[in-house]
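The values are calculated or read from the model by the stated rules, or taken from the named source; none is laboratory data. Since we're looking at a predicted model, the values are computed, not measured. Reconstructed Cβ throughout: ideal geometry from the backbone, glycine too, with neighbour counts over all protein chains shown.
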């Protein structure tokens with residue numbers, strides 16, 4: 001009798017375990033190629049829900065948890081993978097960066113020629129130009145794999161072209177709504193360059209904390225202070241116009 005009870009209990013536990021495993025398998029299989037692409041788009045929506053927007057950004061550089069420098073920027077993101085970064089801090093007034101597709105130019109107040117740069121150009125601390133100029137992973141990356149973890153769903157993003165800052169990104173999103181939680185950025189060499197942690201502000205990403213994986217005592221916080229739906233005039237995406245210092249945005 002006793003052995004029969006034990007056997008029955010074991011069978012019940014095994015059945016429950018199999019049911020749980022089957023449910024997990026079903027959950028993973030439910031994310032088809034289209035579904036996981038949609039999930040990435042939803043993660044993008046938490047970063048910027050507007051195609052054309054103005055974002056006020058504050059970037060703070062820390063070393064050994066001590067604040068070193070603070071800079072402010074206005075970033076105008078537009079459709080067709082265009083962005084304009086305006087430097088707002090007094091020591092950098094007049095500086096601008098234009099992104100059109102995969103091309104970047106920097107404009108300095110005393111120069112009559114735009115300077116070609118890469119998205120890896122330092123903005124401040126561990127933050128690069130490409131980190132704030134691009135607001136949508138789905139523009140430059142495709143999901144090649146995904147795994148369900150206790151903390152969420154981990155997507156492996158592969159670059160669609162070679163001109164992006166990072167060739168591979170491991171992006172962890174929340175299971176319930178696909179809010180981005182953490183991103184690991186890998187260079188083309190396969191080396192992990194930096195880790196980014198995202199925090200929420202209402203229904204969107206409020207800030208990201210960027211940590212260098214080599215110099216671990218250094219980190220940079222990027223705060224998205226204000227979002228506004230704005231469509232910038234086409235002339236502001238013309239490098240020949242942006243060399244002027246009398247522009248008003």
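The table below gives the values:
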read-out	value
The lone exception for residue 205 - which of (1) in contact with a helix residue (DSSP H, G or I) (Cβ under 7 Å, 6 or more places away or on another chain); (2) closer than 21 Å to residue 42 by Cα; (3) surrounded by fewer than 20 Cβ atoms within 10 Å (Cβ to Cβ) it fails	(3)
Residue in region 221-232 that is part of a strand (DSSP E or B), in contact with a helix residue (DSSP H, G or I) (Cβ under 9 Å, 6 or more places away or on another chain) and surrounded by 18 or more Cβ atoms within 10 Å (Cβ to Cβ) present	yes
Check on residue 149, closer than 23 Å to residue 48 by Cβ and surrounded by fewer than 19 Cβ atoms within 10 Å (Cβ to Cβ)	no
Which listed residue, of 84, 68, is on the phi < 0 side of the Ramachandran plot, at pLDDT 95 or above and surrounded by fewer than 16 Cβ atoms within 10 Å (Cβ to Cβ)	68
Enumeration of residues in region 161-192 that are touching a strand residue (DSSP E or B) at 6+ places or on another chain (Cβ under 7 Å) and farther than 22 Å from residue 127 by Cα	174, 175
Strands (runs of 3 or more DSSP E) wholly inside region 90-130 containing at least 2 residues that are over 24 Å from residue 211 (Cα atoms) and in contact with a helix residue (DSSP H, G or I) (Cβ under 9 Å, 6 or more places away or on another chain)	96-100, 103-107
Yes/no for residue 78 being more than 18 Å from residue 207 (Cβ to Cβ), out of contact with any strand residue (DSSP E or B) (no Cβ under 7 Å at 6 or more places or on another chain) and touching a residue at least 60 places away in the same chain (Cβ under 8 Å)	yes
Number of the exception - residue 153 against (1) outside any strand (DSSP E or B); (2) closer than 19 Å to residue 39 by Cβ	(1)
Residues of region 162-186 that turn out to be more than 15 Å from residue 149 (Cβ to Cβ) and free of Cβ contacts under 8 Å to residues at least 24 places away in the same chain, as a count	4
